[in-house]
1. Filter segment 88-122 for residues that are part of a strand (DSSP E or B) and not acidic (Asp, Glu); which is most open to solvent (accessible area, probe 1.4 Å)?
2. Tell me, which residue of segment 305-328 that is open to solvent by 10 Å² or more (accessible area, probe 1.4 Å), modelled with pLDDT of 95 or more and more than 12 Å from the ligand (Cβ to nearest atom) is farthest from the chain's Cα centre (by Cα)?
3. Out of the residues in segment 149-180 meeting the condition of being at pLDDT below 90 and more than 22 Å from Tyr124 (Cα to Cα), tell me which one is surrounded by the most Cβ atoms within 10 Å (Cβ to Cβ).
4. Would you point out the residue of segment 372-391, among those that are more than 14 Å from Ile404 (Cα to Cα) and outside any loop (DSSP other than H, G, I, E, B), that is nearest to the ligand (Cβ to nearest atom)?
5. Determine if segment 280-287 includes at least one residue that is crowded, with 16+ Cβ neighbours inside 10 Å, assigned to a strand (DSSP E or B), within 16 Å of the ligand (Cβ to nearest atom) and touching a residue at least 40 places away in the same chain (Cβ under 8 Å).
6. Of Lys350, Lys411, Lys369, which residue is part of a helix (DSSP H, G or I), within 23 Å of Asp434 (Cβ to Cβ) and open to solvent by 30 Å² or more (accessible area, probe 1.4 Å)?
7. Is segment 62-81 home to any residue that is part of a helix (DSSP H, G or I) and either open to solvent by 20 Å² or more (accessible area, probe 1.4 Å) or farther than 30 Å from Gln421 by Cα (or both)?
8. Between Ile422, Ile427, Ile360, which is buried (at least 17 other Cβ atoms within 10 Å of the Cβ) and more than 12 Å from the ligand (Cβ to nearest atom)?
Amino acid sequence: MKKGSIIEVKIEDIEFPAKGIGYVNGLKVFAKNAFPGQVVKGRVSKKRREYAEIKVLEVVEKAEYEIEPMCDHHGVSGGCIQQVIPYEKQLEFKTDEVKKLFEESNVTMGKFLGIESSPEINHYRNKMEYSFGDEVKGGELNLGMHMVNKRNGIVNIDKCCLTDDDFEIVCKATVNYFREKGLPFYKVMQREGYLRHLVIRKAKKTGEIIVNLVTTTQIDFDLSEYVEIIKNLDYKGTLKSIIHTENNSFSDAVIPEKINILYGEDHITEELLGLKFKISPFSFFQTNSEGAEKLYSIVRDFMGDASNKVVFDLYCGTGTIGQIAAGKAEKVVGVELIEEAVVAANENAKLNNLENCNFIAGDVAEVIKTIKDKPDIIILDPPRSGVHPKAMEYVVKFNPKQIIYVSCNPKTLVEDLKALQIGGYEIEKTVLMDMFPHTPHVETVVNLNKK
Ligand SMILES: C[S@@+](CC[C@H](N)C(=O)[O-])C[C@H]1O[C@@H](n2cnc3c(N)ncnc32)[C@H](O)[C@@H]1O
């Protein structure tokens, strides 16, 4: 087997995040987004003495449990690859994958409480980021998702199983308008062009929509006609805001160098567990609102009776978990890197008549040293990279009785749990919450107590 060769492999096992495992002549072969029971054909992308990795080109034989995909783009766009797996089976795989990570790291889950399903399995996303591009070089302008196994191809998304109709009508109107105007999309390699991304957010509970068009400033284009078109679409929800973000950076990420409000306000409002949350265009907010209610309820239950307790909400985003805790706690202190999210968190606390919350902007690893309060409970909800070792040192030094760790990446979670165990914490219980049906991702919530 050589790098670049095409091989067939039967998938026998799976590991996080949805990496199928098979064997060819005794060599372990990993295939991303391949599932036990499938026979897949793929190109070898990595070859080592102990293992190989392939990029799947085709499912040669389906697994016996597979169902028909809902979406026409299945297999072309990469976002929702697991829709051919029945939902119960998706939950089973995610559970096995996370359990295996704990076992291999020799970290206990404590009492394992199973996996909670997402309240909505389809159309659950409240945010989507689409890219402008073409499907084949020189083809017509598209607006949609990156194609699987094709570096620069963008497939137009007319119907998507992750979002609702309001996302689709905005996408359709946007791509039609800019096709008619003949405006070029931005080519990352050449660093040339105008249209980059379209980011849509729709608060599921309030129906409020924010449309954010991201372009370079290479062309001075008057967007007033586009604004009128977007304003006059027939929405199920309510359009609250149209934003133009200027981004001339070389990276393909959405980087807001300048934000121009073209219509309405600079935020939308979502409701979770009876509280209101302002969501600004670039602050983190869980992408599955109903799932978030379930996730935060788990955290609230794990906290138990928090009256007279001081709670730290580290990596707090717009302060959602902290404010849900604040109803019970004596005081909540939140820390978050994105300043805009902290401004929103403090405004949200006012909006929700919570006077016992203080949200601070900065890097947890730095800010944590300066906090004078003494926490009874620390809630950790870090990004995929986990808790920085410097921050972890202070978490342990604060010596709280209880730590609740909410993680979107079980790989970094198990490493951080090892550090907390060394710091004198005992894992009492673990539960999984599926916030992302049809994708490989899953949230894990762990409750730890000081020994
Ligand atoms: C998984 S999100 C959790 C947000 C929030 N708890 C929620 O449920 O909406 C992680 C958050 O950590 C923030 N973040 C990332 N690195 C950070 C750091 N070094 N210090 C503080 N916050 C950070 C991100 O901006 C993001 O809002």
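The values are calculated or read from the model by the stated rules, or taken from the named source; none is laboratory data. What you are looking at is a predicted structure, and each value in this text was computed from that prediction instead of being measured. Backbone-built Cβ (ideal geometry, glycine too); neighbour counts: all protein chains shown. Side chains are part of the model used for accessible areas, which takes the heavy atoms of the whole protein and leaves out ligands, DNA and RNA. Shrake-Rupley method; radii C 1.70, N 1.55, O 1.52, S 1.80 Å.
1. First, the residues of segment 88-122 that are part of a strand (DSSP E or B): 111-116.
Going one step further and asking which of them are not acidic (Asp, Glu), we end up with 111-115.
Details: Lys111: 134, Phe112: 61, Leu113: 77, Gly114: 18, Ile115: 45 Å².
Residue satisfying both the conditions and the ranking: Lys111.
2. Result: Lys309.
3. Gly153
4. Going residue by residue through segment 372-391, those that are more than 14 Å from Ile404 (Cα to Cα) are 372-374, 383-385, 388-391.
After this cut, where a residue has to be outside any loop (DSSP other than H, G, I, E, B) as well, the list is 389-391.
Working: Pro389: 12, Lys390: 10, Ala391: 7 Å.
This residue is Ala391.
5. Pass one, segment 280-287, residues crowded, with 16+ Cβ neighbours inside 10 Å: 280-287.
Checking which are assigned to a strand (DSSP E or B) leaves us with none.
Scanning segment 280-287, I find no residue that is crowded, with 16+ Cβ neighbours inside 10 Å, assigned to a strand (DSSP E or B), within 16 Å of the ligand (Cβ to nearest atom) and touching a residue at least 40 places away in the same chain (Cβ under 8 Å), so the answer is no.
6. Working: Lys350 fails: within 23 Å of Asp434 (Cβ to Cβ); Lys369 fails: within 23 Å of Asp434 (Cβ to Cβ).
None of the others qualify; the one that does is Lys411.
7. At the first step, the residues of segment 62-81 found to be part of a helix (DSSP H, G or I) are 81.
After this cut, where a residue has to be either open to solvent by 20 Å² or more (accessible area, probe 1.4 Å) or farther than 30 Å from Gln421 by Cα (or both) as well, the list is 81.
The answer is yes, given that some residue of segment 62-81 is part of a helix (DSSP H, G or I) and either open to solvent by 20 Å² or more (accessible area, probe 1.4 Å) or farther than 30 Å from Gln421 by Cα (or both).
8. On the way: Ile422 fails: buried (at least 17 other Cβ atoms within 10 Å of the Cβ); Ile360 fails: more than 12 Å from the ligand (Cβ to nearest atom).
That would be Ile427, the only listed residue that is buried (at least 17 other Cβ atoms within 10 Å of the Cβ) and more than 12 Å from the ligand (Cβ to nearest atom).
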